[in-house]
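Heads up, the thing below is written out as structure tokens.
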Amino acid sequence: MKWQQQFEDYKLEKARTFLQNRQVTDLKKSEGGYSATVIDRGSLAVTVKIREDGSLRMNCSCPVARGGRNCVHMAAVLYVWSDRCASGE
């Protein structure tokens, strides 16, 4: 899955920083995806699900996502998810 193509480079870079700083917490597997909390000026709720066609459905409680755009918090959760899949979890 080439999910990185759905994000601008600066968002991916910031998302990697969130990952390195362990700002993605409470990652839980849910039906068809994951939910997590991302710490960034408060706690933000993020959900990521894979649809049957392989596309992603993502939600975040931040203002950027409420405006209909993909945010750095979604990318951070996807990095954690990708790392877990790569390690066989």
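General remarks:
- Under 13 Å, Cβ to Cβ, from residue 49 - net charge with Lys/Arg +1 and Asp/Glu -1: +1
- Highest average first, the peptides 29-36, 58-65, 47-54 ordered by how many other beta carbon atoms sit within 10 Å of their residues are 58-65, 29-36, 47-54.
- Ignoring aspartates and glutamates fewer than eight residues from residue 2 along the same chain, the ones with Cα atoms less than 19 angstrom from its Cα are 13, 52, 53, 83.
- Calculated from the structure at hand, Rg and Dmax of the Cα atoms in Å is found among (1) 15.7, 44; (2) 11.9, 34; (3) 16.6, 54 as (2).
- Charge dipole of the chain (Cα centre as origin; +1 on each Lys and Arg Cβ, -1 on each Asp and Glu Cβ, all else neutral): 160 debye, rounded to the nearest 20.
- Whole-percent carbon and sulfur share, accessible surface of the chain, 1.4 Å: 45
- Heavy-atom accessible area per residue - segment 25-89, 1.4 Å, Å²: 58
The values are calculated or read from the model by the stated rules, or taken from the named source; none is laboratory data. These numbers were taken from a predicted model, which means no experiment stands behind them. Glycine also receives a Cβ, built like all others from the backbone with ideal geometry; neighbour counts cover every protein chain displayed. Each accessible area value is taken on the protein alone, full model and side chains, heavy atoms only, with ligands, DNA and RNA left out. Shrake-Rupley method; radii C 1.70, N 1.55, O 1.52, S 1.80 Å.
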